[in-house]
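In what follows, a structure is listed as structure tokens, so that the remarks can point back to it.
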Amino acid sequence: MSTILAVTEIKDKNIRKAGLEVVAQARQVADATGGQVSALVISGPEVDVNPAQLGAYGADEVLVASDAKLTAYHSDYYKQVVLAALQKTAASVVLFPATSLGKDLAPRVAAAAKAVLVSDCTALSWKEDGLAADKPLYAGKVVAQLKLQGDVQMASLRPGVFNAQLLRAGQNAAVANLDLPAFSSKVTLKEIRKKDSCKMDVSDADIIVTGGRGMRSAEGFALLEELAGLLNGAVGATRAVVDVGWRPHDEQVGQTGKVVSPSLYFMCGASGSIQHWAGMSGSKCIVAINKDANAPILQRADYSIVGDVFEVLPVLTEEVRKLRG
Amino acid sequence: MNILVLIKQVPDTEATIKPGAEQKSIAEAGVKFVINPYDEYALEEALRLKEAQGGGKIKVVTVGPERAKQALRSAAELGVDEVLLLKTDTASLDGLAIAQVLSESVAKESFDLILMGKEAIDDGNMQVGPMLAELLDIPCLNVITKLTLSGRQVTAEREGDSGVEVLETSLPAVVTCQKGLNEPRYPSIRGKMAAMKMVIAEQTVTVSGDRAVVTGLQVPSARSGGKIVGEGAAAVPELIKLLHDEAKVI
Ligand SMILES: Cc1cc2nc3c(=O)[nH]c(=O)nc-3n(C[C@H](O)[C@H](O)[C@H](O)COP(=O)(O)OP(=O)(O)OC[C@H]3O[C@@H](n4cnc5c(N)ncnc54)[C@H](O)[C@@H]3O)c2cc1C
Ligand SMILES: Nc1ncnc2c1ncn2[C@@H]1O[C@H](COP(=O)(O)O)[C@@H](O)[C@H]1O
């Protein structure tokens with residue numbers, strides 16, 4: 001019986017939503033192959049995770065690799081862990097979240113295992129003898145359908161596209177500790193200059209409030225932070241505002257920033273350039289506030305208000321506050 | 001120091017992209033091709049390192065079809081020492097196939113540093129750098145925004161999800177470049193003149209394309225968008241209502 005290995009990711013001591021999506025999708029693939037799902041949890045010694053609960057998302061078994069060396073992400077150590085899990089399970093399919101961790105880890109594992117890898121898929125299934133995947137190309141201007149071949153096949157899944165479904169609510173998975181590999185690396189992680197840890201990353205957010213050049217200054221983004229805070233969302237930025245230094249690069253959405261698929265995406269004082277669109281067109285609902293009735297975003301957003309962000313946003317924020325009670 | 005820079009020729013970000021007749025690859029007619037933007041950071045970093053060290057050699061290599069010579073020509077205009085086209089008409093989405101071709105051709109020479117982009121904007125794979133490093137069994141510093149060399153010691157910064165990571169290793173190494181690393185320069189008139197005389201070396205290679213086969217190519221359905229809710233702050237209550245009752249997102 002073949003195994004589908006689902007690699008999850010820990011963030012702030014918990015399993016990231018993108019990791020749960022991978023487990024649930026691995027279940028779908030396993031149901032088609034008649035195989036079983038092994039989920040892999042890689043972490044430092046201190047986490048708030050009950051691995052057995054991954055059973056609810058479809059894991060039959062959870063392998064836990066826990067060690068002080070794995071607290072912070074290290075490409076080589078993590079690679080060695082995934083390779084150990086691959087060897088133990090003899091998995092024929094390995095799935096990763098296409099988060100920044102997954103995008104760094106997956107190609108290293110694939111090359112070491114001499115396996116084919118399809119990055120950043122938006123659909124995945126099993127057809128006859130291999131994975132069939134949809135993969136956006138040219139910043140989403142076209143989508144390719146791919147068929148993979150090989151004894152071991154790997155894919156990374158775009159966060160927010162697949163459902164983290166409770167396929168087997170209440171069911172627990174068997175939990176086993178993975179025998180840790182011998183860690184070795186030529187690369188030392190000297191330090192991590194932590195950023196504001198309470199800030200939500202745009203890739204994890206279900207609601208994103210993005211501002212563009214129309215926000216006029218770094219201070220103008222206070223309005224967006226307030227709205228994002230009320231909605232439990234994250235602030236995003238266009239490249240124009242990152243380039244002038246109003247916002248940090250990790251908030252940039254677009255072709256050369258992050259690709260996101262939240263349920264709700266606000267575009268405030270942003271024109272909707274083709275490069276920005278490439279990063280957020282997968283959002284379920286797009287709202288634009290722009291004072292120029294001819295701005296390209298107004299043709300494509302689901303709902304638009306033509307108006308000045310500095311007039312509209314305070315009122316919008318108040319209304320949301322009322323709604324959230 | 002011997003530096004290898006790997007570049008890919010890709011459609012300009014503004015280009016209109018349509019599937020070709022067989023729906024397996026794109027229609028290239030009228031598409032403007034450029035050097036992958038992230039590879040420009042790699043080229044710039046190589047030039048700066050060479051200038052800082054007052055010597056060394058920069059070789060630029062691409063795997064691609066005949067038209068990719070134009071990208072090599074543009075690189076040559078910046079003042080690199082050697083350019084090579086590894087010629088193939090197979091455009092594979094399998095990063096390992098590209099990494100294999102590159103490892104076989106570069107493994108024969110010894111490079112101190114291999115600089116490349118973090119991602120090609122056409123396939124968005126983010127595969128070739130770490131894969132090549134794995135095949136060559138050398139370290140890969142991936143998605144780098146700052147690079148410092150002192151002797152054979154390399155220090156680099158990358159923006160991880162929890163903050164800026166400072167990584168250290170020694171040469172030889174693969175470094176993949178992210179925006180923020182530097183500001184790429186434009187070619188000088190002298191550079192353009194010199195590039196006209198430069199010989200573009202060429203070698204035919206076989207890229208395996210059968211591990212990841214494209215079975216179809218589609219234009220995603222356009223959003224049926226475009227509802228102007230109203231003008232100014234007065235439209236807010238209606239917007240809230242739509243988001244709550246119709247879209248059910250708040
Ligand atoms: C290779 C390449 C890669 C790129 N990658 C990215 C990327 O990843 N992400 C990205 O975002 N961009 C990217 N860009 C840049 C992109 O082309 C645009 O320049 C950028 O997205 C525009 O940002 P903006 O919408 O904030 O600014 P602008 O285009 O200047 O738009 C500002 C908008 O604000 C509106 N406005 C002004 N004042 C107000 C007000 N008071 N109230 C309401 N509305 C107001 C204006 O009507 C206008 O529509 C890339 C470009 C290139 C060439
Ligand atoms: N065909 C190619 N020829 C040379 N270098 C390439 C090629 N494809 C990718 N690369 C390099 O690998 C990086 C990452 O590409 P990718 O893995 O396709 O996203 C690019 O920025 C290039 O530096």
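The values are calculated or read from the model by the stated rules, or taken from the named source; none is laboratory data. If you're wondering where the values come from, they're calculated on a predicted model, not measured in any experiment. Every residue, glycine among them, receives a Cβ derived from its backbone with ideal geometry; neighbour counts consider all protein chains shown. All accessible areas refer to the heavy atoms of the entire protein, side chains included, with ligands and DNA or RNA removed. Shrake-Rupley method; radii C 1.70, N 1.55, O 1.52, S 1.80 Å.
Quick notes on this structure:
- Meets criteria (in contact with a helix residue (DSSP H, G or I) (Cβ under 8 Å, 6 or more places away or on another chain) and touching a residue at least 60 places away in the same chain (Cβ under 8 Å)) for residue A:107: no
- Residue among B:223, B:185, B:211 that is within 30 Å of residue B:65 (Cα to Cα) and within 11 Å of chain A (Cβ to nearest Cβ): B:211
- Scanning the stretch B:123-137 for residues that are part of a helix (DSSP H, G or I) and touching a Pro at 6+ places or on another chain (Cβ under 9 Å) yields B:128, B:129, B:130, B:131, B:133, B:134, B:136.
- Within this structure, residue B:10 passes the test of being facing chain A (nearest Cβ under 10 Å), within 15 Å of ligand 1 (Cβ to nearest atom) and under 18 Å from residue B:184 (Cα atoms).
This table checks each residue for (1) small (Gly, Ala, Ser); (2) modelled with pLDDT of 95 or more.
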position	(1), (2)
A:60	no, yes
A:65	yes, yes
A:72	yes, no
A:78	no, yes
A:105	no, yes
A:118	no, yes
A:147	no, yes
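- Subset of the stretch A:234-273 that is at the interface with chain B (Cβ under 10 Å from one of its Cβ atoms) and out of contact with any Gly (no Cβ under 9 Å at 6 or more places or on another chain) - its residue that is farthest from ligand 2 (Cβ to nearest atom): A:248
- All positions within the stretch B:80-122 that are among the β-branched types (Val, Ile, Thr), part of a strand (DSSP E or B) and either within 10 Å of ligand 2 (Cβ to nearest atom) or at pLDDT below 95 (or both): B:114
- Filtered residue count, the stretch B:211-232, keeping only those that are more than 30 Å from residue A:313 (Cα to Cα) and either in a strand (DSSP E or B) or touching a Ser or Thr at 6+ places or on another chain (Cβ under 9 Å) (or both): 9
- Residue count for the stretch B:123-137, restricted to those that are more than 8 Å from ligand 2 (Cβ to nearest atom) and open to solvent by less than 20 Å² (accessible area, probe 1.4 Å): 2.
- Each residue in the stretch A:292-306 was checked for being within 9 Å of another protein chain (Cβ to nearest Cβ), open to solvent by 10 Å² or more (accessible area, probe 1.4 Å) and in contact with a strand residue (DSSP E or B) (Cβ under 9 Å, 6 or more places away or on another chain), and 5 pass.
- Within the stretch A:60-155, strands (runs of 3 or more DSSP E) holding 2 or more residues that are open to solvent by less than 10 Å² (accessible area, probe 1.4 Å): A:61-66, A:93-97, A:116-121, A:130-137, A:142-148
- All told, residue B:157 meets the bar of being assigned to a strand (DSSP E or B), acidic (Asp, Glu) and either surrounded by 20 or more Cβ atoms within 10 Å (Cβ to Cβ) or touching an Asp or Glu at 6+ places or on another chain (Cβ under 6 Å) (or both).
- Here residue B:202 qualifies as touching a strand residue (DSSP E or B) at 6+ places or on another chain (Cβ under 8 Å) and acidic (Asp, Glu).
- In the stretch B:195-210, the residues that are part of a helix (DSSP H, G or I) and surrounded by 15 or more Cβ atoms within 10 Å (Cβ to Cβ): B:195
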